[in-house]
Structures are given as C-alpha cells and as structure tokens.
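Worksheet: one structure, shown below.
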Amino acid sequence: MFSKSALALSALLLLAASAQAQEALQIQPTHGKHPLQVQITGPSYLVDAINKCVTSHEWQGKGGNGVTVNWGDGTDDLENVPLNTPCADMQGAHAFPRPDIYHVVVTLWHPGATDAPITDWTGLATITVTQ
C-alpha cells in the first residue's frame, strides 16, 4: 500500500511531466575542463522533484522521488547513502573528474499497477569534459 504523500507526489509528477513533456533536460555547464562540476537546472518540475526528495526504500526507488539520474560515467550517486538524506546533492549536481564525453540520461517515472516503473519523461544531455 502506498502512502498518501507518495501517491500525491506521483500524481504531481505525472501531471507536470505530461503537461510539459516536450521540455529538454537542462544541465549547466555542458562543457569545460576537468574536474567539471555540473548541475541539473531544468525543467522546473524535475528540479522540484529532486529538491523535495530524501532517500528511502519506498516504491519510488532509493531516491524516493521517481527520478533516476544516469550521469554516464558509471557512478551511482545514491549508492551507500544513508536513509532520509536529501537527494539534491547526489541527483541535482555531479562532478566529472576525467576528460571524456558523457551522455546523461534522466528519467522521471511513477509506479504502475504492479509497481513496475512507468516512464513519464526522459531527458538526454551530452557533457564534454576536456583537459
């Protein structure tokens, strides 16, 4: 059984994502010298979901917010993070320590009838880190 707050967050994310489904993932900066610190800056409903999150083991995944961030460098920013820790530092920002081209994929989702995730929005961005 889902908590009322979990269901309310799911409904909010679903409505926001469907209303603004064409918005692109925004990350700043998209290029620079290593080590490069980047931050997710939009769309606003994605930033809101990340900022409202604390880590949990609920239906939304460890992030507890229905957001999955793949930074493209093999790291898992939510791995080994204590429960009830704000997600913004792990999901909202990231440091790329090595020169390379990284493909960032962010997915906004909600649980389906069997708790399997249903994707509401996916954003892609390319980050170029130079020497």
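Readers should treat all values here as calculations from the given coordinates under stated rules, not as data from a laboratory. Everything numeric in this text was worked out from a predicted model, so none of it was measured. Don't worry about glycine lacking a Cβ; one is built from the backbone with ideal geometry, like all the others, and counts go over all protein chains shown.
Overview of values
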| quantity | calculated |
| --- | --- |
| Proxy reagent accessibility, fewest Cβ within 10 Å first, across E79, E23 | E79, E23 |
| Counted charge near I127, where neighbours are those whose Cβ lies closer than 14 Å (Asp, Glu -1; Lys, Arg +1) | 0 |
| Long-range HN-HN contacts of W121 with modeled amide H, under 5 Å | L108 |
| In sequence order, calculated HN-Hα J values of the stretch 86-101 (Karplus, 6.51, -1.76, 1.60; Hz; x Gly/Pro) | x, 7, 4, 5, 8, 9, x, 9, 7, 10, 9, x, 10, x, 4, 10 |
